[in-house]
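What follows is a short report on a single structure.
No value in this document is a laboratory result; all are computed from the given coordinates. Bear in mind that the values here come from a model prediction, so they are computed numbers and not experimental data. In this analysis, Cβ positions are derived from the backbone assuming ideal geometry, glycine residues included, and neighbour counts consider all displayed protein chains.
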There are 2 protein chains.
Amino acid sequence: MKDIKKIIYEGYQYIDGGVCAAKGFRAGGVYCGIKKTMTPDGNESPLDGVKNDLTVVAADTLCNAAAVYTQNKVKGAPILVMQRHLKATGGKARALVANSKNANTCNADGETKAEAMCNLTAKALGVKPEEVMVMSTGVIGQILPIEPIEQALPNLCKNLKADAEGAHEAALAIMTTDTFPKEIAVEFTLGGKTCHLGGMAKGSGMIHPNMATTLNCITTDAAISVEMLQKALSDVVKVTYNCLSIDGDQSTNDTCLLMASGLAENAEITSESEDYEIFCRALYCVMMNLTRMLAYDGEGATKLLECTVSGADTLQDAIAVAKSVVCSPLLKCAMFGADANWGRVLCAIGYAPAEFDIHKVAVTLASRAGSVEVCKNGAGVAFSEEKAKKILLEDEIQILVTIGDGAVSATAWGCDLTYDYIKINGDYRS
Amino acid sequence: MKDIKKIIYEGYQYIDGGVCAAKGFRAGGVYCGIKKTMTPDGNESPLDGVKNDLTVVAADTLCNAAAVYTQNKVKGAPILVMQRHLKATGGKARALVANSKNANTCNADGETKAEAMCNLTAKALGVKPEEVMVMSTGVIGQILPIEPIEQALPNLCKNLKADAEGAHEAALAIMTTDTFPKEIAVEFTLGGKTCHLGGMAKGSGMIHPNMATTLNCITTDAAISVEMLQKALSDVVKVTYNCLSIDGDQSTNDTCLLMASGLAENAEITSESEDYEIFCRALYCVMMNLTRMLAYDGEGATKLLECTVSGADTLQDAIAVAKSVVCSPLLKCAMFGADANWGRVLCAIGYAPAEFDIHKVAVTLASRAGSVEVCKNGAGVAFSEEKAKKILLEDEIQILVTIGDGAVSATAWGCDLTYDYIKINGDYRS
């Protein structure tokens, strides 16, 4: 994994273990060969045999579960199946099965195949099919071969591990063009009981979320009701994954699943109590840091862009402006070139769907190498191009924008736009 | 100019002459050296001395005028000045002065400089300052040097030509990273009188219009009232420039000016008559073909993408879906790679803010080399990858989308996303 800074809060501690950090979860991933039979021109993908493509996360007990999905009208078949299953169980889940290299989307037999994945997993784990959740990521519109999945699942389910190794295997198996697996976990305390919350996510292109992003699985041993679990997930996703954009393309298969085993034995959270706030902050820690990793590992990216907008009157305005900045292709190119072309920041602020007075706008560029104010009261200020260049040559760039005298701030995450994005997406059917 | 197909309608004939095709207009452009003093690191731009950077279009008589502008909240100073002038004259104009290489935007002295450009032009032409319109394009946030403009204007205004050469010089002078000037003109008949309507536009990045795009000047000798002229421009811009996207970045300086001299001596158009329809169609011809040129010459582009959506219930839905398709970075990359990755078309259709039944969606890819249906009823159909590749290797690609049984259709235009877009926008402050 690339060396990306973790943002940490008091009272929370980062730990290893990803989706297996919480008590009561096992995970694993294998290479089963989904892509090999699918390449249209008969060639093997360069990734074949290298990266895992099938993952299972299983809970020892029936968990409370919550999920958010893409708002794309073209929804992957796995989403439709998973929504039915969660409805049938009243928000309970025992396991997740997920594959990469094929999105199982826009196929006439998509739902049948997604159901088959759940049935096979349920059989191997000895649980009910509707207790199994399902996700797919990869190429849209190619028939998913079920045979390699069928063959691999029994052994995969038998060999799941309740440790960091199992979690890591699982995180590897949902990767598409990601260059490193995204995992993180935190430890915190609820009413004297030690709790854990950890997750994994896959990136890396077609990322411009709306209610959820990419494939995500988060687990916790905290006890929390289905209702509060869904509320926490829906709230935190708004200020994390939904403030991330790699390329403006909103995926058809985005799903984030959150399972709570309750094995930490805290008093179950059933209302918006202080414990709920502590839980939400843990969830924010995990989802915000996964968001940063997703941005940092965007397709072809060399830099993380983090735009924090302050002085807004509403959260909606702050988010709109921050997202507009990190989505601007021209700014993304300038950041790739380490060019302090702040006019492009102003341009992007200007077309954001938000209310503010352009004469109160100020912009500062910052990184580990320092910071430089480039714009004040909506107009340029003199600054050292040399210093700005040094700041922008770093790989984690902060764009700090003030839009007024309001009290609200928000952050959005993105990455630079590079030759490699074109290469990855122009050269073969990724 | 690259060889791009012109779309022609019966009753209209393409002619030479650009902004000078209509009676009563003269134009010209020169290199005055705006950029030379402005490069921040002291180096001369590679374009210095090569491309014209100052243009004037003048009318022999006071014209009825209409304009549309960017909706970006960060508006170039020239826009604010031009809006004041058009208001002061009640929609009349005598001339346009425009420069490239500097947007005169986000500068504390921006409006003063824009007014100075108008005053100098007015003096040289012997007209009133408020009868002069002004546009600037180029880098945002750098002080505009007025001296080279002041020195060049008297001679430029003295040597304006009422022919294709003058129009061409003017079109060259508003170019930024454009690789060819965009000009077009048509001849048509109103009540037995021969009329002309022609225009010029500059591209080529920061193009994602909202009410107008880029710098545009269109002239006509048809007689039409200020009110109907504005209505025609506002209506036609919706289905031409506003359906164009190069990169999703909406410029701060977009302006489209339309001037009517009335010298064709037709009965003045004052209502939504049959003559008005004929005039609008001429305007559509010119603006649609300029839109195609702008898309074809998008920064770094190798291909024009033209997405036509039919079967919609409303124009809004048809436009939303068509724009979503041509804006998708992933599809733009796939088109660069001539990869028939139709799943990305479906994905982009799916996140368009429009109402439709995904099970009624069909997609066909077409070009001079033929056509191939790749998706029907929302799912993939078998097709020849070889044939699709051949189609997509052409440089004008049609993406034909059906979204239902409705009667409405619309077209949006864009281009592929290539290494050169990154190079142009990452390598220097363009």
What spacing in nm lies between the two simple spin-label points modelled at A:GLU227 and B:ILE143, each 7 Å away from Cα in the Cβ direction? 6.4
One finds the C-alpha centres of the range B:388-420 and the range B:56-100 to be spaced, in Å, by 34
Which ³J(HN,Hα) values, rounded to whole Hz and listed in residue order, are derived for the range A:304-313 from phi using the Karplus coefficients 6.51, -1.76 and 1.60 in 6.51 cos²θ - 1.76 cosθ + 1.60 with θ = phi - 60°, glycine and proline given as x? 8, 10, 10, 9, 10, 9, 10, x, 7, 7
Backbone HN-Hα couplings from phi across the range B:384-401 [Karplus 6.51/-1.76/1.60, Hz, Gly and Pro as x]: 7, 4, 5, 5, 4, 4, 4, 4, 7, 6, 6, 9, 10, 10, 9, 10, 9, 10
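Given a Förster distance of 51 Å, report the FRET efficiency between B:ALA88 and B:LYS360 from their Cβ-Cβ distance, rounded to the nearest 0.05. Working shown, then result.
Numbers: r = 52 Å, r/R0 = 1.02.
So, using R0 = 51 Å, E works out to roughly 0.45.
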Using only the alpha-carbon atoms of the range A:251-351, report the extent along each of the three principal axes, biggest first, to the nearest angstrom. 53, 34, 25
Note the angle between two axes, namely the Cα long axis of helix B:226-239 and the longest principal axis of the Cα atoms of chain B, as a number of degrees from 0 to 90, rounded to the nearest 10. 30
Pair A:LYS123, B:SER271: separation of 7 Å Cα→Cβ label points (nm): 7.7
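Please compute the average number of Cβ atoms from other chains found within 10 Å of each residue's Cβ in peptide A:237-250.
Values: counts 0, 0, 0, 0, 0, 0, 0, 0, 0, 1, 6, 7, 12, 7.
The shielding value for this peptide is 2.
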Selection from B:SER136, B:ALA164, B:GLY126, by position along the positive dipole direction of the range B:99-164 (Cβ): B:ALA164
A:GLU373 and A:ALA407 label points (each 7 Å along its Cα→Cβ direction) are spaced in nm at 2.4
Helix-only CD estimate at 222 nm, as mean residue ellipticity for chain B, using -39500 (n - 2.57) per DSSP H run (n ≥ 4): -9500 deg cm²/dmol
Treating the point 7 Å from Cα along Cα-beta-carbon as the label, what are the nm separations from A:ASP405 to the other copies, to one decimal? 5.9
Using the beta-carbon distance between B:GLN151 and A:THR112 and R0 = 45 Å, what value does 1/(1 + (r/R0)^6) give for FRET efficiency, to the nearest 0.05? 0.05
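Here are some pairs, A:LYS87/A:LYS202; A:LYS390/B:LYS101; A:LYS123/A:LYS161; A:LYS423/B:LYS332; which of them have Cα atoms lying more than 23 Å apart in this structure? Please list the in-between numbers first.
Details: A:LYS87/A:LYS202 25 Å; A:LYS390/B:LYS101 26 Å; A:LYS123/A:LYS161 18 Å; A:LYS423/B:LYS332 12 Å.
Flagged as over cut-off: A:LYS87/A:LYS202; A:LYS390/B:LYS101.
Give me the dipole magnitude in Debye, nearest 20, for the protein assembly as shown about the Cα centre, with unit charges on the beta carbon: positive for Lys and Arg, negative for Asp and Glu. If you can, show how the numbers build up before the last one.
Values: 78 positive and 102 negative charges, 64 e Å.
That gives a dipole near 300 debye.
Can you check what the Kirkwood hydrodynamic radius comes to for the protein assembly as shown, Cα pairs only, in Å to one decimal? Let's see the in-between values first.
On the way: mean 1/r = 0.0353 Å⁻¹.
About 28.3 Å, per the Kirkwood formula over Cα pairs.
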Which residue in A is nearest the A/B rotation axis when you measure from the C-beta atom, and what is the distance in Å? A:TYR419, 3
Restricting to Cα atoms and excluding each atom paired with itself, what does the Kirkwood estimate give for the range B:64-176 in Å? 14.4
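Let me know the charge dipole size of the range B:47-117 about its Cα centre in debye, to the nearest 20, where only the beta-carbon of Lys, Arg (+1) and Asp, Glu (-1) is charged. If you can, show how the numbers build up before the last one.
Values: 9 positive and 6 negative charges, 54 e Å.
For this selection, approximately 260 debye.
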Taking the Cα atoms only, what angle lies between the long axis of helix A:77-88 and the longest principal axis of chain A, rounded to 10 degrees? 70
Inter-copy distances for A:PHE383, label 7 Å out on the Cα-Cβ vector, sorted ascending, nm, one decimal, are 4.6
Mind pulling the per residue volume of the convex hull built on the Cα atoms of chain B? Å³ is fine. 128
Estimated FRET transfer efficiency when R0 is 45 angstrom, pair B:GLN316-A:THR61 (beta carbons, to 0.05): 0.35
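Where nothing but the Cβ of Lys and Arg (+1) and of Asp and Glu (-1) is charged, how large is the charge dipole of chain B around its Cα centre, in debye to the nearest 20? Present the calculation step by step, with values, prior to reporting the outcome.
Details: 39 positive and 51 negative charges, 101 e Å.
Dipole size: approximately 480 debye.
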